Amino acid sequence: MTEKDGYSQKIILIGDGGTGKTSLVNQFVHRKFTGIYKTTIGVDITPYQVNAEDTGENIRFILWDMSGQTHFARFRSRFYSGTSGAIVVYDLTNTTTYRNVQTWVKECSDNCNRKIPIVIVGNKADLNELQIRHIKPPMSESGFPSLITSAKTNLNVKKAFFTLFEAIVKKTLTKKPDQAAKTTHVSYESQLDSEEQ
């Protein structure tokens, strides 16, 4: 495999059912949004390829959108294997999903058996009239980046994914001493659409 052939990284999206994980993936990858809620059965897998700005290396991120429904909990542990990073999603209009962020982070940590980059996302920012008072996300004291998003309006959706992508790339390169001098970036800033600027 040549340098430009790149490598794959597994990303999981976790959080309570109905928080908008699938909508975030659809907006990010397909630029589509639908207000029709459809429960994810088990896991949905979507690939997304990024070209590193400095090296031209291709990085294939595999997005695993995992069901947050409680009756799927006993099946989820098998899906954590090989995870490189996680996005934990909660619903800004639902305080229960906010409180459950810590539970999801713990489940992720317990099943991954290693420390991985995590980004905390509060979704549905477009529902201003229903939005809970936003305070410091529950895991921000542990150093996890946190963002407010809207899958409907595309607010910070790309930024959320690329914040995680960048953290994974940096972590991967630190494990490769021969690549220590590289400055591989997958920053979303150069790929922002005009309406996001």
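The values are calculated or read from the model by the stated rules, or taken from the named source; none is laboratory data. Remember, predicted model here, so these are calculated numbers, not experimental data. Cβ: placed from backbone, ideal geometry, glycine included. Neighbour counts: every protein chain shown.
General observations
- Test result for SER8, out of contact with any Phe, Trp or Tyr (no Cβ under 7 Å at 6 or more places or on another chain), at pLDDT below 95 and closer than 17 Å to PRO117 by Cβ: yes
- Any hit, segment 102-112, residues being in a helix (DSSP H, G or I), at pLDDT 85 or above, of a type in the set (Val, Ile, Thr) and touching a helix residue (DSSP H, G or I) at 6+ places or on another chain (Cβ under 7 Å): no
- Segment 113-139: number of residues that are β-branched (Val, Ile, Thr), at pLDDT below 90 and under 16 Å from THR19 (Cα atoms): 1
- Yes/no for GLN49 being in a helix (DSSP H, G or I), at pLDDT 90 or above and under 16 Å from the mean Cα position of the chain (by Cα): no
- If you go through segment 146-197 and keep only what is in contact with a helix residue (DSSP H, G or I) (Cβ under 6 Å, 6 or more places away or on another chain), modelled with pLDDT under 60 and assigned to a helix (DSSP H, G or I), you end up with GLN179, TYR188.
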